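The values are calculated or read from the model by the stated rules, or taken from the named source; none is laboratory data. Predicted model, so just to flag it, every value in this text is computed and none were measured. Neighbour counts are summed over all protein chains in view; Cβ atoms, including those assigned to glycine, are modelled from backbone coordinates with ideal geometry. What goes into the accessible areas is simple: the full protein's heavy atoms, side chains included, and nothing from ligands, DNA or RNA. Shrake-Rupley method; radii C 1.70, N 1.55, O 1.52, S 1.80 Å.
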Amino acid sequence: MTSRRNTRSMTSLHRNSLPVPDDLAMEIFTRLPSKAIARCRCACKLWSSMVRRQDFTELFLTKSCARPQLLFVREDYSVREFVFITSPQPENPEENSYVVAANHLARFPRSNGFYGCTNGFFCYGADRFFKGLKKPVRVPVICNPSTGQSLTMPRLNSKKKYGVESYLGYDPIAKEFQVLSMNKSRVSEGWISVKHQVLTLGTKKLSWRLVECCIPHLPSCKWICFSGVLYYAARTVGSLVESMVVCFDLRSEKFSSVKFGKAMPGSTTLVNYNGKLGLLMSGDSYAVTRSSTSFELWVLLDAAQHEWSNHVYVLPPSWEDVISETMYIAGMVGTNEIVFSPSYQRVPYYVIYFNVERKTITKVGIQVLEAFQGTSFKTYLNYVENVKLL
């Protein structure tokens, strides 16, 4: 009898505890890829409870930030899906044809365009039917490619069904994701943003709340979020070009703006330059081509004074030997590497690294993307896996 009781006691013990200390177990789990974490949630209740803990998800995210990846997003029109594929982000590649294996991460039902990525979560637009309405309404959808989850936002507090611009922000202090959405409306001088609304993820009942914006502007799809502030390029009312940046502080939920002083070309990409907002562009061009000769980086020094610093990076002669098609600026890695991506998929697929200090051009090939030849991809830099559940 004693032997049986001891056996039951030991069995119960193993079911409710791990054979290693919790901190060591968490360290082991953080070294696993996100797909393995998903399987751990289904393995047993003990593992599931551990990988769902907030301290674990925060530790996993911290370690993931130390190994950022490339994220490729494709709209698959044949099956109406978004395809998410990641690849290790090479550090200071020096040789051409540096091949990196890609990893298929997730698929989500496609709808109407994607907005962008913040802290491992992704935001895109979708048309949804709501009770009492005969036609669908455009709403944001938040998804996490690392967990395969998606969450459709509730209907905006607006009578307009389309013309919605949305952004996804993250407040690192409150550790909260927020969605900022606004409608576009026609006025006598031109188009303008109206009905600015914010929604905080993680609340029991998701709901939009109106926020005041006293800056007349028309938003664009060019944006970035870091250090708890959303930045997006915008036009003044009546203007046909973007010449200002609107800033939205996620903690105070206040808007401000910074004048750029001239029109931003179509090639402009917003980047995080060592904790400061940067505008990276190819002269006055809309795209990056073989004939491009230099790039400009404008770094915001003082938002209150609308003060910017200008850096000009001249391309080396080898640029013409490497580039054979239209590219766009994917962003920057650190402060010394500009990354470019083709507008359409070729075989083999690749990205271009331009080291502004060494003046070197490096072509980095990406494996596993051969099946998507001739299609359009959007490339995101510094993607981090986040195992936080929606």
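Structure values in brief
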{"item": "Single match in Ser285, Ser291 (criterion: open to solvent by 50 Å² or more (accessible area, probe 1.4 Å), under 23 Å from Ser318 (Cβ atoms) and either basic (Lys, Arg) or assigned to a loop (DSSP other than H, G, I, E, B) (or both))", "result": "Ser291"}
{"item": "Those residues of segment 225-246 which are under 17 Å from the mean Cα position of the chain (by Cα) and of a type in the set (A, V, I, L, M, F, W, C), in sequence order", "result": "Cys225, Phe226, Val229, Leu230, Ala233"}
{"item": "Filtered residues of segment 297-321 (kept if under 16 Å from Gly278 (Cα atoms), touching a strand residue (DSSP E or B) at 6+ places or on another chain (Cβ under 7 Å) and of a type outside the set (A, V, I, L, M))", "result": "Trp298, His306, Glu307, Trp308, Ser309, Asn310, His311, Tyr313"}
{"item": "Any hit, segment 235-251, residues being under 24 Å from Phe121 (Cβ atoms), surrounded by fewer than 15 Cβ atoms within 10 Å (Cβ to Cβ), charged (D, E, K, R) and out of contact with any His (no Cβ under 8 Å at 6 or more places or on another chain)", "result": "yes"}
{"item": "Single match in Tyr344, Tyr328 (criterion: in contact with a strand residue (DSSP E or B) (Cβ under 9 Å, 6 or more places away or on another chain), under 26 Å from Met244 (Cβ atoms) and either open to solvent by 20 Å² or more (accessible area, probe 1.4 Å) or not hydrophobic (A, V, I, L, M, F, W, C) (or both))", "result": "Tyr328"}
{"item": "Within segment 256-284, tally of residues that are β-branched (Val, Ile, Thr) and over 19 Å from the mean Cα position of the chain (by Cα)", "result": "1"}
{"item": "Residue tally, condition among the charged types (D, E, K, R) and either within 21 Å of Val246 (Cβ to Cβ) or buried (at least 18 other Cβ atoms within 10 Å of the Cβ) (or both), over segment 129-168", "result": "3"}
{"item": "Answer residue from segment 294-322, given it is within 30 Å of Phe255 (Cα to Cα) and outside any strand (DSSP E or B) and is least open to solvent (accessible area, probe 1.4 Å) among those", "result": "Ala303"}
{"item": "In segment 177-206, residue farthest from Ala234 (Cα to Cα) [restricted to those that are at pLDDT below 95 and hydroxyl-bearing (Ser, Thr, Tyr)]", "result": "Thr203"}
{"item": "Residue list for segment 285-301, filter: more than 18 Å from Asn355 (Cβ to Cβ) and at pLDDT below 95", "result": "Ser285, Tyr286, Ala287, Thr289, Arg290, Ser291"}
{"item": "Residue in segment 69-105 that is modelled with the highest pLDDT, counting only those that are open to solvent by 50 Å² or more (accessible area, probe 1.4 Å) and among the aliphatic types (A, V, I, L, M)", "result": "Ala101"}
{"item": "Neighbours by Cβ (under 6 Å, 6+ apart or cross-chain): first from segment 183-201, on the phi < 0 side of the Ramachandran plot; second among the aromatic types (Phe, Trp, Tyr) and open to solvent by 30 Å² or more (accessible area, probe 1.4 Å)", "result": "Lys184/Trp191"}
